[in-house]
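What follows is a single structure, written as structure tokens, with notes after it.
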Amino acid sequence: MRIVVVNNFFPPRPGGSSHLSESLAIEYAREGNEVLVLTAGYKNTPAKEERDGLTIIRIPSWRLPKNPLSANFDIAFTISPRVKKRVFSVLDSFKPDIIHQHGQFFDLTWISGWWARKHSVPTVLSIHTRLYSPKAINNTIFKVADAILVKPLMRLHKPRLVVMDELMDKYIDKRYSGAHRAKSYIPVGIDPNALRGGNAQKGFERMGLSPDVPIILSIGHVIPQRSRVALMEALPQILQHYPDLKVVIVGGLHDKKFLHKAEALGVTHAVLTLGAQPKSEIPDYLAASKMEIHELEGQGFGTASLEALAAGVPVVACVHTHNFVEVILEDRKHLFITPFVNGSQVKADPKKLADTVIEVLRLSDEAHLALSRASQKLIEENFTIHNVSKQHLEAFHQDLSS
């Protein structure tokens, strides 16, 4: 099969969809397929690169100015007077059997979809991000963008949509009804070894903390959808039982409401922000930690959480057990699910979160081992990039045979 993988984000550009699209592309190539990657240029990366069985073509891009709508992320677009001709030329030459697109609001998705419609080539679109914001005005802008831009362009080539979780499924039904031909429920895939094998002593040294300090690690960029505010609100109660405890946040600070909340509650001494760190160092931080917490806004369960489970570290999250639709997360078996405030406020209840954290801190060695084994088994059976890539390839064959 000749497969084109399309994503404006691709390594070395960081990001969850970037690394997932690369991992899937490499797996496709390992299975004997010919794989071309079409992506946006990034810094000094070459315009064409051959590696890992892939041919990578980078289209010159420009960077969207950082702004609150994009949570101040670095987003690249390729739109220019020449880009259509360039993309069409690349696709004409490669003659793909199928195009796997990542990201519904990227211009390379729109242009490759245009080419696919013209040449009757099936497209499969993985939607990684919901255009959603807790702020009403931003959310209104996103709804309008979905209605007048994304949905009409999607309708041109009617892709099969890869649905990664329950929230995305509901979002697709609400925003993109009638603009796709089918849905495949395939969870995000990870390398289960990505965060394993850390050295706890190195982790403590990097944090500048003593090994007897209990650590809650919080991985990932701080954005409104993952604000850490509830964790700050839970801290006073936790510190009553564990006064030396530290919350260590590893990731960019794109939303600082949690810091203002920590100051107001008088718990800033228990919060350590390290900023973004090399992924190679994250296993050491995890090995030094009692648990990992960052999914507290009811916005799903992402790659970092799955990688922490694969490493055998207890994860506390505010998530539905059926988050992945066809894979069930079992509370107190795979992870610790902390309750929502109520049915209308789907975010963590701070008091109950504090109770959950204290419960994890009091786990016996035997209970900790049982949790680690169960969580690692969950990952090996359902979320490895190898298994997930096979599900994608099955969807591709289904499209080609229909």
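Side notes on the structure shown:
- Residue match in segment 297-316 (condition: at pLDDT 95 or above, open to solvent by 50 Å² or more (accessible area, probe 1.4 Å) and touching a helix residue (DSSP H, G or I) at 6+ places or on another chain (Cβ under 9 Å)): no
- Options Leu361, Leu393, Leu369, Leu329; residue that is among the aliphatic types (A, V, I, L, M), open to solvent by 10 Å² or more (accessible area, probe 1.4 Å) and within 21 Å of Asp191 (Cβ to Cβ): Leu393
- Filtered residues of segment 91-105 (kept if out of contact with any Lys or Arg (no Cβ under 9 Å at 6 or more places or on another chain), in a loop (DSSP other than H, G, I, E, B) and open to solvent by 10 Å² or more (accessible area, probe 1.4 Å)): Phe105
- Selection count where residues are in contact (Cβ under 8 Å) with a residue 60 or more places away in the chain, of a type outside the set (Phe, Trp, Tyr) and open to solvent by less than 40 Å² (accessible area, probe 1.4 Å), scope segment 1-24: 11
- In segment 276-295, residue surrounded by the fewest Cβ atoms within 10 Å (Cβ to Cβ) [restricted to those that are in a loop (DSSP other than H, G, I, E, B) and under 21 Å from the mean Cα position of the chain (by Cα)]: Pro278
- Candidate set from segment 238-260 (those that are out of contact with any Leu (no Cβ under 9 Å at 6 or more places or on another chain) and within 23 Å of Val346 (Cα to Cα)); member that is surrounded by the most Cβ atoms within 10 Å (Cβ to Cβ): Asp255
- Segments classed as strands (runs of 3 or more DSSP E), wholly inside segment 210-275, with at least 3 members that are under 30 Å from Leu167 (Cα atoms), without any contact (Cβ under 8 Å) to a residue 60 or more places away in the chain and not small (Gly, Ala, Ser): 246-250
- Meets criteria (outside any loop (DSSP other than H, G, I, E, B), more than 12 Å from Ala234 (Cβ to Cβ) and among the charged types (D, E, K, R)) for Glu326: no
- Selection status of Phe383, buried (at least 17 other Cβ atoms within 10 Å of the Cβ) and farther than 18 Å from Leu161 by Cα: yes
- Of the residues making up segment 52-67, at least one is charged (D, E, K, R), at pLDDT 95 or above and either assigned to a loop (DSSP other than H, G, I, E, B) or more than 20 Å from Ser112 (Cβ to Cβ) (or both).
- Selection status of Arg206, touching a helix residue (DSSP H, G or I) at 6+ places or on another chain (Cβ under 8 Å), open to solvent by less than 30 Å² (accessible area, probe 1.4 Å) and among the basic types (Lys, Arg): no
- In segment 361-388, the residues that are in contact (Cβ under 8 Å) with a residue 24 or more places away in the chain reach residues that are buried (at least 16 other Cβ atoms within 10 Å of the Cβ) and polar (S, T, N, Q) with C-beta atoms within less than 6 angstrom, at least six apart or across chains, in these pairs: Ile385/Ser23.
- Scope segment 334-356; condition hydrophobic (A, V, I, L, M, F, W, C) and over 25 Å from Leu167 (Cα atoms); matching residues: Ala354
- Of the set (1) within 18 Å of Ile293 (Cα to Cα); (2) exposed (fewer than 13 other Cβ atoms within 10 Å of the Cβ), all apply to Leu400 but (1).
- Among the residues of segment 1-45, those that are part of a loop (DSSP other than H, G, I, E, B), over 26 Å from Ser305 (Cβ atoms) and either modelled with pLDDT of 95 or more or polar (S, T, N, Q) (or both) comprise Met1, Glu31, Gly32, Asn33, Asn44, Thr45.
- The set of residues in segment 296-318 that are outside any loop (DSSP other than H, G, I, E, B) and over 18 Å from Pro350 (Cα atoms) comprises Thr303, Ala304, Ser305, Leu306, Glu307, Ala308, Leu309, Ala310.
- Close Cβ contacts (under 6 Å, 6 or more residues apart or on different chains) running from residues in segment 333-358 that are over 14 Å from Met232 (Cα atoms) to residues that are open to solvent by 30 Å² or more (accessible area, probe 1.4 Å) and assigned to a strand (DSSP E or B) comprise Ile337/Asp331; Val346/Phe340.
The values are calculated or read from the model by the stated rules, or taken from the named source; none is laboratory data. Everything numeric in this text was worked out from a predicted model, so none of it was measured. All Cβ positions, even for glycine, are placed from backbone atoms using ideal geometry, and neighbour counts span all protein chains on display. Ligands, DNA and RNA are stripped out before the accessible areas are found, and what is left, the full protein with its side chains, is counted by its heavy atoms. Shrake-Rupley method; radii C 1.70, N 1.55, O 1.52, S 1.80 Å.
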